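These notes concern the structure reproduced below.
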Amino acid sequence: MEIAGNCGVFVGGASGMCRATAMRFAEKGGKVAILDLEQSDGAKVAESLGGVFQPCNVMDYEGMEASIESAVNAIGGIHFMVNTAGGGVAQRTIKKDGSRHALEDFRRIIDLNLIASFNINSIAAQHMASNEPNENGERGVMINTASIAAFEGQIGQVAYTAAKGGIAAMTLTMARDLGTHGIRCMTIAPSLFDTGLTAGIPDEGALQLTKDAAFPKRMGRPDEFAVMAIAIFESAMMNGSTLRVDGGQRFAPR
Ligand SMILES: NC(=O)c1ccc[n+]([C@@H]2O[C@H](COP(=O)([O-])OP(=O)(O)OC[C@H]3O[C@@H](n4cnc5c(N)ncnc54)[C@H](O)[C@@H]3O)[C@@H](O)[C@H]2O)c1
């Protein structure tokens with residue numbers, strides 16, 4: 001799809017990989033809505049891109065309907081939706097003290113990553129379905145964020161792995177569901193990226209976590225995610241799969 005003149009909704013767009021994607025989309029002439037937590041830098045980021053900020057919490061499933069609708073009305077449509085809101089918890093299935101992984105923590109991580117992503121996707125797709133198709137029959141593109149932990153989760157990542165694995169697994173099915181509407185659905189699975197989420201990881205920790213990459217052996221940069229997300233939007237053949245953006249990294253068990 002062409003970016004110029006089209007509209008993008010960026011959930012988690014106040015920071016990191018989604019902000020970098022919104023920046024590239026705006027640079028190429030797209031209209032941008034940043035959706036993020038009220039206390040985030042969303043308003044500042046939106047202003048710098050000539051876009052709008054819509055506060056939201058992806059865990060407020062019903063509230064997301066109104067948030068997305070208001071963003072869509074403000075910028076005049078939705079052709080692109082990128083969602084990076086998410087996160088994990090560090091807990092083993094059986095902890096060192098013999099107690100079990102707290103079920104409520106497992107459920108919270110599934111809710112934040114998997115249920116929230118599906119909810120955002122179904123709302124965004126409903127809006128996109130009423131778009132006029134372009135000359136190739138395309139109405140919109142959605143990108144979710146998994147992690148390479150979806151495929152090789154480290155010790156203590158069981159909830160995160162289950163949630164991100166669910167996002168990766170639903171991608172093809174959702175693309176098939178939405179194919180008749182001309183809506184594409186992709187997932188990006190990053191390795192360790194230098195963003196707000198990882199700001200607390202010390203340099204030695206980052207070295208340890210990137211040592212098994214083929215090349216480059218370093219954290220990814222938010223713009224390296226953005227370049228991929230923009231390529232997905234622009235290429236009509238990108239659909240139904242999860243792309244690793246990881247420098248050839250495979251996580252070791254710890
Ligand atoms: N950074 C990494 O190393 C890495 C690696 C693999 C996967 N991921 C995934 O990427 C995503 C995080 O993106 P990032 O690394 O650019 O981090 P980031 O913290 O820079 O950006 C994430 C944005 O999401 C927003 N957000 C968080 N919870 C939200 C909620 N409940 N409602 C609305 N907005 C919310 C945050 O305010 C933030 O602006 C997560 O889904 C994470 O699992 C990150």
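One table, with the values for the structure above:
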| read-out | value |
| --- | --- |
| Residue 230 vs. criteria in contact with a helix residue (DSSP H, G or I) (Cβ under 7 Å, 6 or more places away or on another chain), more than 11 Å from the ligand (Cβ to nearest atom) and in a helix (DSSP H, G or I) | yes |
| Test for residue 195: is it surrounded by 18 or more Cβ atoms within 10 Å (Cβ to Cβ), outside any strand (DSSP E or B) and of a type in the set (Ser, Thr, Tyr) | yes |
| Residue 66 vs. criteria in contact with a helix residue (DSSP H, G or I) (Cβ under 9 Å, 6 or more places away or on another chain), at pLDDT 95 or above and not in a loop (DSSP other than H, G, I, E, B) | no |
| Single residue of 242, 210 found to be farther than 27 Å from residue 8 by Cα and either surrounded by 18 or more Cβ atoms within 10 Å (Cβ to Cβ) or of a type in the set (A, V, I, L, M, F, W, C) (or both) | 210 |
| Qualifying position, being among the hydrophobic types (A, V, I, L, M, F, W, C), within 14 Å of the ligand (Cβ to nearest atom), touching a residue at least 40 places away in the same chain (Cβ under 8 Å) and surrounded by 20 or more Cβ atoms within 10 Å (Cβ to Cβ), among 25, 10 | 10 |
| Selection from segment 203-226 of residues that are in contact with a helix residue (DSSP H, G or I) (Cβ under 7 Å, 6 or more places away or on another chain) and assigned to a helix (DSSP H, G or I) | 222, 223, 225, 226 |
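The values are calculated or read from the model by the stated rules, or taken from the named source; none is laboratory data. Since we're looking at a predicted model, the values are computed, not measured. Please note: Cβ atoms are built from the backbone with ideal geometry, for glycine as well, and neighbour counts cover all protein chains shown.
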